[in-house]
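Quick note: the coordinates plus some simple rules give every number you see, no bench work behind them. Worth saying up front: this structure is predicted, and the values here are computed from it rather than measured. Here the Cβ positions follow ideal geometry from the backbone for every residue, glycine too, while neighbour counts run over all protein chains shown.
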Amino acid sequence: MQENIIIAASETQSHRCSMVQPTWQQQLSHAIRDPQALCERLGLSSDWLAGAQAGHDLFDVCVPEAYLNRIAYADIDDPLLRQVLPLGEEALTPHGYVVDPLEEADHRPAKGLIHKYAGRVLLIASPNCAINCRYCFRRHFPYSDNSPSRTQWQEALDYLRSDTTIHEAILSGGDPLAASDRQLAWLVEQLESIPHLKRLRIHTRLPVVIPDRVDDALLGWLASTRLQKVVVLHINHANEVDQAVVDACARLKQTGATLLNQSVLLRDVNDTAATLANLSERLFEAGILPYYLHVLDPVQGAAHFDVPDEEARELVAQLRDHLPGFLMPRLVREIPGRGSKTPL
Ligand SMILES: *Cc1c(COP(=O)(O)O)cnc(C)c1O
Ligand code: SF4
């Protein structure tokens with residue numbers, strides 16, 4: 001009897017606590033970062049554990065609860081699970097799969113800055129991500145060399161100031177929104193003082209992974225910049241867009257930002273025309289337009305996600321039969337040395 005009362009009391013208390021929504025930083029620090037905890041949380045049989053551990057040794061597991069709760073329980077085929085669960089196949093090293101598939105190391109005129117395309121540059125605004133996507137082409141990126149402090153940003157900012165052909169700064173990462181709003185507000189203030197910069201683009205998965213990231217502090221600096229704003233989200237499957245994501249996108253739009261999406265075409269995640277059509281429809285419901293559908297970059301550890309180009313073209317041809325033109329993503333590949341993404 002006594003015991004029951006104690007349990008009931010502690011349940012009430014934990015219920016009360018859960019009503020105070022943790023901040024995005026708290027949610028990030030409580031993310032699952034252990035393969036065994038991930039398997040247990042999602043009810044996966046122990047058959048998957050050895051592979052998960054092997055993959056984790058190459059690239060850490062990281063999945064926050066807000067993303068986990070969109071994954072079906074005990075379903076190894078869940079399309080969101082496939083994106084975050086390490087598999088034994090990650091240890092394979094097939095020919096052509098390399099550590100730096102985009103050869104970005106050759107295009108860094110300043111620390112934290114990648115200039116490959118005319119008129120726009122990438123700034124590595126944060127080395128961290130809120131989730132570790134198993135197919136990520138940056139899984140081997142030497143972030144420790146590329147996360148500048150304020151003084152170190154000066155070199156990148158000087159480069160931007162001196163090249164008047166650059167009109168767009170793209171905050172990238174990692175995930176740029178993993179940086180603090182204090183840092184981001186500072187960086188954006190520096191950027192907007194450069195007269196020839198017109199646009200601020202942010203490539204991020206955080207509003208999808210932890211929708212509470214789109215909080216007042218972020219909306220504050222985003223709404224107040226003179227730069228035109230484009231937020232390119234990264235969503236691969238319609239199931240990633242729950243109501244909290246829809247709400248976060250609505251808040252982003254209120255700042256005047258244009259919302260676009262890029263996806264990666266992934267085996268067993270989104271490799272059917274029906275899945276891709278659903279994704280485009282769901283994106284539009286959330287106020288987002290499809291931008292790119294990337295074929296996989298040949299990064300070591302991700303070969304099992306590959307969909308061959310011929311099949312990708314066929315899928316996109318089928319997709320065109322389902323969707324209005326404005327919901328069609330552009331199928332592209334990134335080829336090192338080219339001045340833009342290459343349409344397939
Ligand atoms: C993808 C990419 C861009 C942006 O390309 P868009 O085609 O404008 O979206 C810019 N710089 C680098 C290095 C890139 O990889
Ligand atoms: S959020 Fe983006 S950069 Fe980070 S692991 Fe996923 S795909 Fe890679």
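Before moving on, here are some points about what is shown:
- Protection proxy ranking, highest mean first, for peptides 77-83, 231-237, 334-340: 231-237, 77-83, 334-340, where packing is the per-residue count of other beta-carbon atoms within 10 Å, averaged.
- Compactness ratio for the chain: Cα radius of gyration over 2.2 N^0.38 Å (N = residue count) comes to 1.03.
- Counting every other Cβ atom within 10 Å of each residue's Cβ, F326, F305 order from fewest to most as F326, F305.
- Scalar couplings 3J(HN,Hα) for segment 257-263, obtained by applying the Karplus form with A = 6.51, B = -1.76, C = 1.60 to θ = phi - 60°, are 6, 8, 10, 10, 9, 10, 10 Hz; x denotes Gly and Pro.
- Highest to lowest packing among 126-134, 192-200, scored as the average C-beta count within 10 Å: 126-134, 192-200
- Share of pairwise Cα separations in segment 22-90, more than 15 Å, in percent: 49 percent
- Under 5 Å from the amide H of Y292 lie the amide H atoms of N261, Q262, S263, R330, each residue being 5 or more positions distant or on a separate chain, with H modelled from the backbone and absent for Pro and chain starts.
- Antiparallel bridges, percent of DSSP beta bridges restricted to the chain (to nearest 5): 20 percent
- Peptides ranked, highest mean first, by Cβ atoms within 10 Å: ranges 310-317, 26-33, 56-63: 56-63, 26-33, 310-317
- Counting charges near L197 (Lys, Arg +1; Asp, Glu -1) among other residues having Cβ under 13 Å from its Cβ returns a value of +3.
- Note on segment 188-301: Kirkwood radius taken over Cα pairs, Stokes-Einstein applied at 10 °C and 1.306 mPa s, translational D equal to 106 µm² s⁻¹.
- Positive-end extreme of charge dipole, the chain - chosen from Q36, P324, Y67 (charges on Cβ): P324
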